[in-house]
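Participant: What follows is a structure written as structure tokens; I'll ask about it next.
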Amino acid sequence: MPIDAGIITQGLRPPQPVNPLADFAQVMALKQAQQLLPLKIQEAQQNAQEGQLRMQQMQRDAQENLAIKQAINDSGGDLEKAIPQILKVAPTKGLAFATSARQAQQEELKANGEKLKNAITTTDLGARLLQGVPDSPHPDLAYQWALNAMKANGIDTGEWWERQLGLSFVAIMVLEADYTLLSRIHFFGSGS
């Protein structure tokens, strides 16, 4: 029995036109993807390693920060005492702490130097204002004038000055009749 050709061709599609350029482009794209695959895998591995390194650095930072806090707590909050321990656990941060502490000390010394300079200037001005009190014919008025002049010049005439000057003024009043060198020495030397 002969085979009916209609049965065989029923399920088949007609032949497609062949496009060799499209086939070539597909083959090239597959080859390129195949060549890039190891590079993509390597890039993914590098990203994973960088992520692990970042995580390790964050863990080290957290451990260092905890150790720094512990060192400061162990020193009772005194950063100067904690610096040697901080340098042991976190040298870079310890150096930054030490540098910061030194700068703070220098600023404090500078501020204290300015305060001392101002105190010396104030004391000098106060002494100059009071210099004429012992020789005045009216020491009580001269004393009040000197205090008022000190206040006008911004000199604090608080209780220390009042106590020192008051004691000196009493000594002057006792020796008012005799303005000797002794009364002047007592006036300027009291309270030391």
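The values are calculated or read from the model by the stated rules, or taken from the named source; none is laboratory data. Predicted model, so just to flag it, every value in this text is computed and none were measured. Note that each Cβ is placed from the backbone with ideal geometry, even for glycine, and that neighbours are counted across all protein chains shown.
Participant: Return yes when residue 159 is closer than 30 Å to residue 81 by Cβ, surrounded by fewer than 12 Cβ atoms within 10 Å (Cβ to Cβ) and either modelled with pLDDT under 80 or assigned by TED's automatic domain parsing to the domain that holds residue 80 (or both) and no when it is not. Lay out the reasoning, then the answer.
Facilitator: Numbers: closer than 30 Å to residue 81 by Cβ: no; surrounded by fewer than 12 Cβ atoms within 10 Å (Cβ to Cβ): yes; either modelled with pLDDT under 80 or assigned by TED's automatic domain parsing to the domain that holds residue 80 (or both): yes.
No: the conditions fail for residue 159.
Participant: Still on this model: In this structure, does residue 68 turn out to be touching a helix residue (DSSP H, G or I) at 6+ places or on another chain (Cβ under 8 Å) and of a type in the set (Val, Ile, Thr)? Before the answer, list the steps.
Facilitator: Details: touching a helix residue (DSSP H, G or I) at 6+ places or on another chain (Cβ under 8 Å): yes; of a type in the set (Val, Ile, Thr): yes.
So residue 68 passes the test.
Participant: Would you call residue 80 part of a helix (DSSP H, G or I) and either of a type in the set (Ser, Thr, Tyr) or surrounded by 12 or more Cβ atoms within 10 Å (Cβ to Cβ) (or both)? Walk me through how you get there before you give the answer.
Facilitator: Details: part of a helix (DSSP H, G or I): yes; either of a type in the set (Ser, Thr, Tyr) or surrounded by 12 or more Cβ atoms within 10 Å (Cβ to Cβ) (or both): yes.
In short, yes.
Participant: Consider residue 119 against the criteria (1) at pLDDT below 80; (2) more than 30 Å from residue 80 (Cα to Cα): it satisfies all of them except one. Which criterion is unmet?
Facilitator: Looking at each condition in turn, residue 119 falls short on (2).
Condition check ((1) exposed (fewer than 10 other Cβ atoms within 10 Å of the Cβ); (2) without any contact (Cβ under 8 Å) to a residue 24 or more places away in the chain; (3) assigned by TED's automatic domain parsing to the domain that holds residue 82) across all residues:
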{"position": "108", "(1), (2), (3)": "no, yes, yes"}
{"position": "117", "(1), (2), (3)": "no, yes, yes"}
{"position": "138", "(1), (2), (3)": "no, yes, no"}
{"position": "146", "(1), (2), (3)": "no, yes, no"}
{"position": "151", "(1), (2), (3)": "no, yes, no"}
{"position": "154", "(1), (2), (3)": "yes, yes, no"}
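Participant: For the structure I just gave you, tell me whether residue 176 is over 30 Å from residue 57 (Cβ atoms) and either in the same structural domain as residue 60 (by TED's automatic domain parsing) or modelled with pLDDT of 75 or more (or both).
Facilitator: no
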